[in-house]
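Below: one structure, written as structure tokens.
No lab work stands behind these numbers, since they all come straight from the coordinates. A quick note: this is a predicted structure, and the numbers were derived from the prediction, not measured. No Cβ is skipped: glycine too gets one built from the backbone with ideal geometry, and neighbour counts run over all protein chains shown.
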């Protein structure tokens, strides 16, 4: 299969000479296949945004090469075709909306490509349907919520019919409900429209939804693989001062106590199934239904929306609480 | 504090005047302005005034709102009238000390003031009945033949659009910075003019810094969306001159030119 994006020995330095010079990327080798959903994590200054800007030639490597569908980003002749193939959504929704109405803004990209007016109208309509913003066609962007603005920004990229969308921390400035809206839109674009997605994020629960997670640290790729594999490296991630999804961490801590759960549990459902399986084994004599019901109900409690909201308000304290609850469940089950 | 601000002074509506092509409206406004400088009789001003009032009625604009546009002009009007009143010679109307006010002066002063008022009214009908976006598109389209002469028509229009887009964003930000500075003890309200101006420094510096950062990010976002100037660019909204536009243009021009020629 042809590659979407390929980076070979990619290096990038900011600044021209002297003290100002700062190496942001060193020796990155990477290949992204069409239709993949890749999440890139790493804390501030790890080079993830710099890497993203190489994917549509906003930055050109100072050493090595980046190719998009076989086109070298360093060749200016490829520039516009690359930017049409790989769309980009930025962090601040306010600073990427150009026009004074939603419809005009979504039309901005196709207009730049020289698409005929009737076709632009059709694309704008389709793109807004895609992000579920049709009823806001004539709204002024500054009156929309953060999540809505970000969806308009995504529609603006979708209207250009890209094969890949790179999103640079699109949810960083949004509230929890805005984050959910945007994540739903992104996963839909990937699953239903087959668009390759590269998502740069700080939020582990977002990274978990990807097919592949890349972890960056001081300009290098340190981990690259399925989220299950990457997040089972709890100690490595901790050493990089990165978070692990809550359930994954919980499972890890329980395993240290000898719980015998499988590695790389990513979602509450998986955790519930695992814990049910484990308790089922230990209480093989009892009915499977019974063994399953108890821990499930407790984990479901964790999925209660009201509790979720509280969790977002006071993540730290609730995390402890959640750990306590599930640990009790574990003891009760076993 | 900036909550009730409206951008420009556009009053949305779907009257005949609102629906006219912006270029036609700009054209008619220019004709009105030209005619105003050509007529010199009272009857001529009267007819132009009639034409303008007709347009206001056709556009369903509230008269109060249209007249408000003249208010900032009041000082200039008084000055113009006064200067013309006393600086002319002719049949004496009245005297104030050494100053003589002739009939001719009174007439000229009135005519000049009328001219100013009508100028403002004509242009405010344009801006009240045309949305900023339409106006921008119209200006871009009118200027585009001048591109061969090096007039950056598209760039000017794009600058206007972006300015319009960012006015509310920057106002919101100003409000936020003001509150942040007030929370740290900044005082924007008391003191004389100089002190007040000085107190604006901690507001303007962060505002400018952030505006430049926004500009930088916006430029990058525009480039990522393949923006490369006006060349080869199409527009979703096409301006189309229809039958009613042609009729309006010809009708108004004929009427106004007749006024200019005969009066």
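Average partner chain C-beta neighbours within 10 Å, per residue of A:87-95?
Numbers: counts 3, 5, 2, 5, 1, 5, 0, 9, 12.
Average neighbour count from other chains, rounded to a whole number: 5.
Could you work out, residue by residue across B:164-176, how many beta carbons of other chains sit within 10 Å of that residue's beta carbon, and then give the average as an integer?
Taking all residues of B:164-176 together, the mean is 3.
Can you work out the base-10 log of I(q)/I(0) for the protein assembly as shown at q = 0.08, 0.11, 0.13 1/Å, using the Debye formula on its C-alpha atoms alone?
Listed by q, the Debye log ratios stand at -0.76, -1.14, -1.37.
Where does helix B:132-143 land angle-wise versus the long Cα axis of chain B, in degrees 0 to 90, nearest 10?
Orientation of helix B:132-143: about 70 degrees from the principal axis.
Quick one: give the max-minus-min coordinate of the C-alpha atoms of the range A:114-268 along each principal axis, largest first, in Å.
Cα spread of the range A:114-268 along its principal axes, largest to smallest: 63, 29, 28 Å.
Give me the percent relative contact order of the range B:146-224, please, defined on Cα pairs under 8 angstrom at least 6 residues apart. Don't jump to the answer; show the numbers that get you there.
Working: 21 pairs, mean separation 19.8, N = 79.
After rounding, I find 25 percent.
Compute a Gaussian network model of chain B, connecting alpha carbons closer than 10 Å, and tell me which residue from B:122, B:249, B:186 fluctuates the most.
Of the options given, B:186 has the highest mean-square fluctuation.
Based on C-alpha coordinates, I'd like the Rg and Dmax of the range A:230-275, in Å.
10.0, 30
How high is the relative contact order of chain B, in percent, counting Cα pairs under 8 Å that sit 6 or more residues apart? Spell out each step's value before the answer.
Numbers: 237 pairs, mean separation 78.1, N = 263.
Relative contact order of chain B: 30 percent.
Output the 0 to 90 degree angle, nearest 10, between the alpha-carbon long axis of helix B:243-262 and the longest principal axis computed from the alpha carbons of chain B.
40
Run the numbers on the range A:5-239 and let me know its relative contact order in percent, using alpha-carbon pairs under 8 Å that are six or more apart.
That works out to 27 percent.
State whether the range A:81-205 is rounded, prolate or oblate according to the following rule on the C-alpha gyration tensor (a ≥ b ≥ c being the square roots of its eigenvalues): a/c under 1.5 gives rounded; otherwise a/b larger than b/c gives prolate, and the remaining case gives oblate.
Values: a/c = 1.68, a/b = 1.23, b/c = 1.36.
Because a/c hits 1.5 or more and a/b fails to exceed b/c, the range A:81-205 counts as oblate.
Can you tell me the orientation of helix B:153-183 relative to chain B, as the angle in degrees between its alpha-carbon axis and the longest Cα principal axis, to the nearest 10?
70
Taking only the alpha-carbon positions of the range B:146-224 and ignoring solvent, what does the Debye formula give for the base-10 log of I(q)/I(0) at q = 0.13, 0.14, 0.22 Å⁻¹?
Cα-only, vacuum Debye calculation for the range B:146-224: -0.58, -0.64, -1.03.
If you build the Cα gyration tensor of the range A:26-91 and take the root of 5 times each eigenvalue, what three semi-axes come out, in whole angstrom, biggest first?
In descending order, the three semi-axes are 19, 14, 12 Å.
With a point put 7 Å past each Cα toward its Cβ, work out how far residue B:211 is from residue B:71 in nm, to one decimal.
2.6
In a Gaussian network model over chain B where Cα atoms closer than 10 Å are linked, find which of B:234, B:161, B:174 has the largest mean-square fluctuation.
B:234
Taking beta carbons within 10 Å but only from partner chains, what does the mean come to for residues B:206-219?
On the way: counts 0, 0, 0, 0, 1, 0, 0, 2, 4, 1, 1, 6, 7, 1.
Average neighbour count from other chains, rounded to a whole number: 2.
Is chain B rounded, prolate or oblate when judged by the Cα gyration tensor, a ≥ b ≥ c being the square roots of its eigenvalues, rounded requiring a/c under 1.5 and prolate requiring a/b larger than b/c?
Oblate shape, in that a/c is at least 1.5 and b/c is the bigger or equal ratio.
What's the Cα-based Rg to Rh of the range A:10-160, Rh via Kirkwood?
For the range A:10-160, the value is 1.02.
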